[in-house]
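Heads up: the structure comes next, in structure tokens.
What follows is calculated from the coordinates using simple rules that are stated; it is not laboratory data. Note that this is a predicted model, so its numbers are computed, not measured. Reconstructed Cβ throughout: ideal geometry from the backbone, glycine too, with neighbour counts over all protein chains shown.
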Amino acid sequence: MNDEQTFADTIAKDQRVEPRDWMPEAYRRTMIRQVAQHAHSEIIGMQPEGEWITRAPSLRRKAILLAKVQDEAGHGLYLYSAAETLGADRGDLTRRLIEGRQKYSSIFNYPTLSFADVGVIGWLVDGAAICNQVPLCRSSYGPYGRAMIRICKEESFHQRQGYELLMTMMGGTPAQREMVQDAVDRWWWPSLMMFGPPDDQSPNSAQSMAWKIKRHSNDELRQRFVDMSVPQAEALGVTLPDPELSWNAERGHYDFGTPDWDELKRVISGDGPCNAQRIAHRRKADEDGAWVREAAAAHAARKAGTRS
Ligand code: 3HC
């Protein structure tokens, strides 16, 4: 078999494509695009919750939030390492992010206005991540699928700690219950948008699914997330801000309203509430860390020089 046939056979048999295997250039480009943007999302995603670490209401909440934000940094590093196995350069990917030539998830462009947002991000945003990322454990590119296995285990802790925080607040004062409901009202629709545009407006899905990078379509995963979240909202005692939400016994799923796709387009193109702040923060972190990278590179070069 020639290279193309070997690649097609690997995909057809649900086997993994590994870094040393031949792959179509378009597959490599798609994998770098998706893995890099996933990594960018994890790193930018540290900002919204990171703002609350110094203002956590107790030492326990601070310790939990610290662990979660630290996990997100680790997820970003695994994913940048996976992108490097495809020949990408981490510094180049960071420049693409900062210069707006690569994307990160729209969800992180919304502000975190109260500590209840920390709980709702854990419950809804990390819950959406779990719906999206569990199938990616079976992604055809080996290093990506394997990175997802560890990431998904940590995401389930993220979702549980968020939901437990909300259960605690819902058992608290009326003001705390109002804070939770306000956060749910603000994060519900952006969480649905996390899954991407509707399938009939998703230019990458068909090819990504043919290559088994993506295992389900955007709308399928969005539906799974809604079906999972409605009973959890009922148990929590909050109302989801969608009057069209109702159980459809015929379909065996919840019917729900249409997200504002124009809002998603605006946020993806940089016009969300916090896009400029998120990129400015990432740019400053990159600039502030330049000396560390230069020192490490100089040290490595000197060590290599002494060995040769
Ligand atoms: N935010 C930003 N951009 C988005 C987006 C979103 N929510 N949804 C779609 N897009 C972009 C796509 O990147 C694509 O643009 P590009 O071609 O320039 O990359 C365009 O909109 C069209 O969308 P498609 O549906 O055709 O694109 P994909 O097939 O790539 O599907 C995706 C989009 C579902 C996000 C897919 O890329 C994916 O599953 N990525 C891996 C998971 C991921 O990145 N999750 C982001 C959240 S990270 C996270 O959850 C961290 C956790 O700790 C909270």
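Once you sort the root eigenvalues of the Cα gyration tensor of the chain as a ≥ b ≥ c, which label holds: rounded (a/c under 1.5), prolate (a/b larger than b/c) or oblate (the other case)?
Details: a/c = 2.00, a/b = 1.25, b/c = 1.59.
It is oblate, given that a/c is not under 1.5 and a/b is not larger than b/c.
Ranked highest first by average number of other Cβ atoms within 10 Å, how do 115-126, 274-285 line up? Please report the intermediate quantities before stating the final value.
On the way: 115-126: 26.1, 274-285: 15.7.
With the highest mean Cβ count within 10 Å placed first, the list reads 115-126, 274-285.
What is the helix-to-structure angle for 174-193, meaning the angle in degrees between its Cα long axis and the longest Cα principal axis of the chain, kept from 0 to 90 and rounded to the nearest 10?
40 degrees
In the stretch 142-181, what chymotrypsin sites (Phe, Trp or Tyr not before Pro) fall in a loop by DSSP, with at most 13 other Cβ atoms inside 10 Å? Numbers along the way, then the final one.
On the way: sites: Tyr144, Phe157, Tyr163; in loops: none.
In loop regions of the stretch 142-181 (DSSP not H, G, I, E or B), there are no sparsely surrounded chymotrypsin sites (Phe, Trp or Tyr not before Pro).
Alpha carbon centre of the stretch 42-74 versus the stretch 153-183: separation in Å?
Comparing the Cα centres of the stretch 42-74 and the stretch 153-183, I get a distance of 15 Å.
If you place +1 on the Cβ of every Lys and Arg, -1 on the Cβ of every Asp and Glu, and leave all else neutral, what size is the dipole of the stretch 139-248 about its Cα centre, to the nearest 20 Debye? Spell out each step's value before the answer.
Details: 11 positive and 14 negative charges, 141 e Å.
The dipole magnitude comes to about 680 debye.
Could you please report the charge total around Glu84, scoring K, R as +1 and D, E as -1 over all other residues with beta-carbon less than 12 angstrom from its beta-carbon? Before the final figure, lay out the partial values.
Values: positive: Arg90; negative: Asp89, Asp92.
Cβ neighbours under 12 Å give a net charge of -1.
Compute the relative contact order of the chain as a whole-number percentage, counting only Cα pairs closer than 8 Å that sit 6 or more residues apart in sequence. Write out the running numbers ahead of the final one.
Details: 349 pairs, mean separation 57.2, N = 308.
This gives 19 percent for the chain.
As I understand it, the dipole of the chain uses +1 on the Cβ of Lys and Arg and -1 on the Cβ of Asp and Glu, about the Cα centre. Which of Thr258, Gly172, Tyr104 lies farthest toward its positive end?
Tyr104
Which value at 222 nm does the chain reach when only helices count, each DSSP H run of 4 or more adding -39,500 (n - 2.57), with the total divided by all residues and rounded to the nearest 500 deg cm²/dmol?
Numbers: 14 runs with 198 residues, N = 308.
Counting only the DSSP helices, I get -21000 deg cm²/dmol.
Projected onto the charge dipole of the stretch 85-160 (+1 at Lys/Arg Cβ, -1 at Asp/Glu Cβ, origin at the Cα centre), which of Phe115, Pro135, Thr94 gives the Cα projection farthest towards the positive end?
Looking along the dipole axis, the top candidate is Pro135.
GNM on the chain, C-alpha springs below 10 Å: top fluctuator among Arg138, Arg16, Arg60?
Result: Arg60 has the largest fluctuation of those listed.
Given charges of +1 on the Cβ of Lys and Arg and -1 on the Cβ of Asp and Glu, with all other atoms neutral, how large is the dipole of the chain about its Cα centre, in debye to the nearest 20? Can you show the working numbers first?
Values: 39 positive and 42 negative charges, 287 e Å.
Dipole about the Cα centre, nearest 20: 1380 debye.
For the stretch 172-225, what class follows from the C-alpha gyration tensor (a ≥ b ≥ c being the square roots of its eigenvalues): rounded when a/c is under 1.5, otherwise prolate if a/b is larger than b/c, else oblate? List each step's numbers first, then the result.
Details: a/c = 5.14, a/b = 3.45, b/c = 1.49.
Prolate.
Among Lys13/Lys214; Lys13/Lys212; Lys62/Lys153, which pairs are too far apart, with a Cα-Cα distance over 18 Å?
Details: Lys13/Lys214 15 Å; Lys13/Lys212 11 Å; Lys62/Lys153 21 Å.
Over 18 Å Cα-Cα: Lys62/Lys153.
Write out the trypsin sites (Lys or Arg not before Pro) in the stretch 160-213 meeting two conditions: DSSP loop, and at most 10 other Cβ atoms within 10 Å of their Cβ.
On the way: sites: Arg160, Arg177, Arg186, Lys212; in loops: Lys212.
In loop regions of the stretch 160-213 (DSSP not H, G, I, E or B), there are no sparsely surrounded trypsin sites (Lys or Arg not before Pro).
What's the longest bit of the chain with no exposed GluC sites (Glu not before Pro), using DSSP loop states and at most 16 other Cβ atoms within 10 Å as the test?
Details: sites that count: Glu51, Glu99, Glu244, Glu250.
Within the chain, the longest run free of exposed GluC sites (Glu not before Pro) spans 100-243.
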